[in-house]
Amino acid sequence: PIRIRQPHSSLQSVAVMSVDLGSEWMKIAIVKPGVPMEIALNKESRRKTPVAVCLKENERLFGDSALGVAVKNPKVVYRFLQSILGKTADNPQVAQYQKHFPEHQLQRDEKRGTVFFKFSEDSQYTPEELLGMILNYSRGLAQDFAEQPIKDAVITVPAYFNQAERRAVLQAAHIAGLKVLQLINDNTAVALNYGVFRRKDINSTAQNIMFYDMGSGSTTATIVMYQTVKTKESGTQPQLQIRGVGFDRTLGGFEMELRLRDHLAKLFNEQKKSKKDVRENLRAMAKLLKEAQRLKTVLSANAEHMAQIEGLMDDIDFKAKVTRSEFEALCEDLFDRVPGPVKEALAAAEMNMDEIDQVILVGGSTRVPKVQDVLLKAVGKEELSKNINADEAAAMGAVYQAAALSKAFKVKPFLVRDAAVFPIQVEFSRETEEEDGVKTVKHNKRILFQRMAPYPQRKVITFNRYMDDFVFYINYGDLSFLSEQDLKVFGSQNLTTVKLSGVGSSFKKHSEAESKGIKAHFNMDESGVLILDRVKLGNTISSLFGGGSSDPTANTLKCNLIKLILTFCFSVMVQDEEEVTPEAGKDQEQSEKQEESAQEKPETEEGKEGEPQAEEQKDIKEDKAETQVRLFILNHISGELLQDLTDRDLEKQEREKTLNSLEAFIFETQDKLYQDEYQAVVTEEEKEQITGKLSEASNWMDEEGYTAGTKELKEKLSELKKLCKAMFFRVEERKKWPDRLAALNSMLNHSSIFLKSARLIPESDQIFTEVELKTLERVINETMTWKNETVAEQDKLSPTEKPVLLSKDIEAKLSLLDREVNYLLNKAKFAKPKPKDKAKDKNTTTTENSKANSTEEAEKVIPPKSDDAEEVKPAEEPPTVEKKDEEPILELNPAENTDTGNPQSTNQFNIKIILT
């Protein structure tokens with residue numbers, strides 16, 4: 001379903017990627033030319049990678065390598081970061097994280113209100129920075145797999161992520177240098193993957209499917225409606241619409257593993273093999289957690305299993321039997337929560353289970369038998385469907401969306417209507433005057449986006465008859481569907497405080513103008529992120545300053561009308577003031593015309609009283625103005641930090657490579673000095689000098705080398721190579737002589753035979769010129785003379801002296817001779833026979849005819865092409881020797897070559913002169 005839009009060379013680096021970012025694992029998928037959709041394997045050739053980063057001094061490890069360190073030194077390994085993204089320091093999930101991972105130092109960021117990990121006195125990292133490192137690593141894996149650079153990505157997030165959490169992921173992606181095409185809800189990505197491969201089953205009749213996704217950290221139930229719809233752009237196309245979402249933020253496999261870990265710790269303490277409490281040993285608890293993860297998987301298929309850990313603590317081994325019934329008893333309250341997301345999803349969709357066609361399992365933790373039993377009973381179906389890849393569906397759906405959003409690929413349309421889980425409203429206070437002259441303050445609320453409202457979507461709030469500066473608030477709406485605990489985890493319900501200044505002074509300056517309200521333009525983009533695009537005065541006032549004009553001066557005047565002050569809460573940031581300027585030119589003119597058409601609708605009573613009206617804007621261009629106000633500014637310092645860490649990683653890799661090269665050179669050279677071929681070419685003095693330097697370098701390695709810098713290691717290696725260069729050269733030359741000389745002798749022999757045979761051709765039939773034959777003769781003689789003289793001179797030298805017979809010179813002579821012979825061969829191969837004299841033809845003797853006929857079955861073989869020869873393609877078929885009236889030609893047959901050591905001697909042949 002995916003193809004490249006244009007097969008052009010400029011599309012060599014057009015691959016896109018997706019990251020299914022789970023709490024414990026991430027799956028990476030790519031699309032590139034020739035590869036529609038594929039899961040990218042990591043360095044261990046696995047299809048999923050742990051979301052973990054290990055920070056050691058001057059070293060970073062990721063994925064499985066980081067998990068390997070977690071057992072030995074859990075303090076330097078950071079995992080399960082998703083639960084604390086965008087959370088303030090007083091959030092219950094931060095406290096829960098600290099309880100699960102007491103080895104980390106979580107501290108409050110006084111400026112942002114969030115938390116950071118204190119790594120050392122000089123180093124500290126925010127969760128966004130650590131996640132940025134992991135995303136950068138995922139990008140590297142995707143690029144290695146795709147074999148080309150990748151920048152564009154679609155990243156999955158849980159459907160219940162609020163604005164603060166979504167912006168935290170965007171910040172992490174920015175730190176990683178990724179261009180996020182979209183943040184897609186993981187349940188939506190799963191639904192898209194399911195629909196894409198069942199396109200033929202989707203028709204105008206609505207199908208409602210529930211996806212129940214229990215992962216490592218959370219559980220989500222999603223009701224999706226599939227049906228075909230008609231569109232203006234592409235006709236009838238399949239569409240998925242998110243109808244309802246229910247979730248449990250902390251119900252997942254990780255909580256089950258933690259309980260198993262604590263159970264194993266209790267069993268170890270009860271065995272009383274140690275006087276210490278294993279729960280106080282962080283390293284031992286990390287080992288128990290790893291064993292608990294394995295145990296949970298095994299108990300899904302077995303009724304009981306033996307937990308075993310060698311050297312759990314103080315070299316004491318641990319061994320204990322755990323049954324599935326014990327495991328289920330430990331997690332009984334967790335299993336009671338399994339139906340919760342189903343009920344919430346049904347309530348949000350205002351549906352019942354009878355309207356759901358099937359329930360499909362997604363996520364690794366749905367493999368726990370008890371989960372399936374409880375869920376099956378809750379949904380009242382005959383069975384639970386497992387007709388989707390529970391681990392990779394989200395990654396594959398997200399990468400399909402990435403290809404659809406990329407300009408380099410064309411995909412079959414599949415419409416996606418996602419839904420906002422949390423409602424958003426605008427609140428403001430307005431002073432009113434009663435009939436008795438008493439002024440009162442009235443607090444107003446207007447819904448901007450309802451719960452389960454589809455997005456992307458644009459909205460405009462119009463504030464009528466406001467003649468002075470005022471303030472309004474953008475908050476979450478009614479969250480009564482959340483439990484008390486979920487509300488605490490949710491954080492602040494205030495999104496943005498908008499302060500408009502300059503309104504009153506503008507109206508005073510232009511008192512003759514009629515106000516048509518102040519418009520605030522909102523956009524919930526494809527990622528579910530709320531954006532306040534701009535705030536503008538009504539058209540009448542704008543016209544006084546050239547509203548809708550493309551004149552830059554006029555637009556500048558209007559831009560200065562209102563100063564917008566945004567206080568960004570989001571439970572994450574407090575931002576600086578931003579001045580908002582409207583879009584200019586044609587985009588602005590088009591936008592204003594659409595606003596005018598929206599205002600033509602009769603005002604409500606509330607609107608007449610000065611309260612805002614919510615108007616949905618349709619068919620507005622999706623291009624965002626460069627001057628739009630974002631509710632979040634990415635932290636560029638973090639990007640510099642990540643680049644610094646990446647440079648350090650590259651430096652570490654370079655140092656390790658140089659260290660290994662130096663170490664190998666020392667050991668290998670020490671060994672070579674005892675081999676006969678090396679002992680034959682070195683003097684005792686030279687051998688003693690090399691041996692001494694190698695021993696000195698070996699001692700230096702033991703004392704200082706393993707802590708030395710890259711530059712020092714390279715200098716040491718270069719010094720040793722320079723010392724041994726002459727010895728290595730003599731050995732290598734002596735190894736090459738036999739094969740090279742044999743090849744040269746063979747070529748001289750065959751070339752001489754060829755020259756003699758060519759000179760025997762009658763003058764009337766000669767196809768070679770005298771200059772060509774003399775040139776070949778000269779090259780043969782010069783080569784023969786050079787070989788004899790150089791070999792004789794070399795024989796006089798000692799093996800320890802610098803050789804005069806060099807392999808490169810032999811190869812040069814061989815190449816020259818081969819080129820000359822090949823030139824004549826190509827000429828002979830395509831030579832046309834000369835016209836035959838008729839008188840001569842009549843006098844042809846029977847003997848001559850018999851000689852010609854004897855060649856009819858002779859095989860004509862074209863000799864192989866030399867490396868240095870130019871291939872000549874005939875304009876017509878070369879002549880054969882089967883016709884009796886054909887002139888003499890050279891018959892070329894391959895010679896039997898006994899010289900197996902000469903790969904360069906290509907023109908080895910026997911030559912026969914055939915006379916008629």
Given the condition closer than 30 Å to Val31 by Cβ, in contact with a strand residue (DSSP E or B) (Cβ under 7 Å, 6 or more places away or on another chain), in a loop (DSSP other than H, G, I, E, B) and not small (Gly, Ala, Ser), answer yes or no: does some residue in region 393-411 qualify? no
Out of the residues in region 163-195 that are in contact with a helix residue (DSSP H, G or I) (Cβ under 6 Å, 6 or more places away or on another chain) and β-branched (Val, Ile, Thr), which is surrounded by the fewest Cβ atoms within 10 Å (Cβ to Cβ)? Val180
Scan region 353-372 for residues that are crowded, with 19+ Cβ neighbours inside 10 Å and either touching a Gly at 6+ places or on another chain (Cβ under 7 Å) or hydrophobic (A, V, I, L, M, F, W, C) (or both) and jot them down. Ile356, Val359, Ile360, Leu361, Val362, Gly363, Gly364, Ser365, Val368, Val371
Quick check on my filter: what residues within region 321-346 are part of a helix (DSSP H, G or I) and of a type in the set (D, E, K, R)? Arg324, Glu326, Glu328, Glu332, Asp333, Asp336, Lys343, Glu344
Of those in region 413-444 that are at pLDDT 90 or above and not hydrophobic (A, V, I, L, M, F, W, C), the residue farthest from the chain's Cα centre (by Cα) is Glu427
Give the number of residues within region 673-727 that are assigned to a loop (DSSP other than H, G, I, E, B) and farther than 19 Å from Pro803 by Cβ. 5
Residues to consider are Gly86, Gly22, Gly34; find the one that is modelled with pLDDT under 90, assigned by TED's automatic domain parsing to the domain that holds Pro238 and either out of contact with any Phe, Trp or Tyr (no Cβ under 8 Å at 6 or more places or on another chain) or more than 21 Å from Gly363 (Cα to Cα) (or both). Gly34
Which condition number does Ile223 fail, the rest of (1) crowded, with 24+ Cβ neighbours inside 10 Å; (2) at pLDDT below 95 being met? (2)
Of those in region 33-69 that are farther than 22 Å from Asp391 by Cβ and surrounded by 20 or more Cβ atoms within 10 Å (Cβ to Cβ), the residue farthest from the chain's Cα centre (by Cα) is Leu55
Residue set Ala420, Ala453; condition in contact with a Gly (Cβ under 8 Å, 6 or more places away or on another chain) and touching a residue at least 12 places away in the same chain (Cβ under 8 Å); output residue Ala420
Name the single residue that is farthest from Leu288 (Cα to Cα) among those in region 71-110 being of a type in the set (Gly, Ala, Ser) and more than 25 Å from the chain's Cα centre (by Cα). Ala89
Quick check on my filter: what residues within region 148-183 are out of contact with any Gly (no Cβ under 9 Å at 6 or more places or on another chain) and part of a helix (DSSP H, G or I)? Leu170
Within region 696-717, is even one residue touching a residue at least 24 places away in the same chain (Cβ under 8 Å), loosely packed, with under 13 Cβ neighbours inside 10 Å and farther than 29 Å from Tyr678 by Cα? yes
The residue that is farthest from the chain's Cα centre (by Cα), considering only those in region 449-471 that are at pLDDT 85 or above and of a type in the set (S, T, N, Q), is Thr462
Within region 288-308, the residues that are touching a residue at least 24 places away in the same chain (Cβ under 8 Å) and either farther than 19 Å from Ser216 by Cβ or of a type in the set (Asp, Glu) (or both) are Glu291, Ala307
Out of all the residues in region 820-839, which are at pLDDT 80 or above and in contact with a helix residue (DSSP H, G or I) (Cβ under 9 Å, 6 or more places away or on another chain)? Glu820, Val821, Tyr823, Leu824, Leu825, Lys827, Ala828
Taking the criterion of being within 13 Å of Lys721 (Cα to Cα) and surrounded by 13 or more Cβ atoms within 10 Å (Cβ to Cβ), would at least one residue in region 647-654 satisfy it? no
Go through (1) surrounded by 17 or more Cβ atoms within 10 Å (Cβ to Cβ); (2) closer than 20 Å to Ile39 by Cα for Leu375 and report which single condition fails. (2)
The one condition Asn389 fails out of (1) farther than 17 Å from Ile223 by Cα; (2) modelled with pLDDT under 95; (3) over 22 Å from the mean Cα position of the chain (by Cα); (4) surrounded by fewer than 24 Cβ atoms within 10 Å (Cβ to Cβ) is (3)
Looking at (1) assigned to a strand (DSSP E or B); (2) without any contact (Cβ under 8 Å) to a residue 60 or more places away in the chain; (3) surrounded by fewer than 22 Cβ atoms within 10 Å (Cβ to Cβ); (4) more than 32 Å from the chain's Cα centre (by Cα), can you tell me which one Phe318 breaks? (3)
Test set (1) in a helix (DSSP H, G or I); (2) without any contact (Cβ under 8 Å) to a residue 60 or more places away in the chain; (3) closer than 29 Å to Glu684 by Cα; (4) small (Gly, Ala, Ser) - Ser798 fails condition number: (1)
Restricted to region 746-772 and to residues being part of a helix (DSSP H, G or I) and free of Cβ contacts under 8 Å to residues at least 24 places away in the same chain, the residue farthest from the chain's Cα centre (by Cα) is Glu763
Only residues that are farther than 30 Å from Gln293 by Cα, more than 31 Å from the chain's Cα centre (by Cα) and surrounded by 19 or more Cβ atoms within 10 Å (Cβ to Cβ): list them for region 226-264, please. Arg243, Gly244
Taking region 184-205 and keeping residues part of a helix (DSSP H, G or I) and among the hydroxyl-bearing types (Ser, Thr, Tyr) leaves Thr188, Tyr194
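The values are calculated or read from the model by the stated rules, or taken from the named source; none is laboratory data. What you see is a predicted model, and the numbers here were worked out from it, not measured in a lab. When we count neighbours, we look across all protein chains shown, and the Cβ atoms used for this are built from the backbone with ideal geometry, even at glycine.
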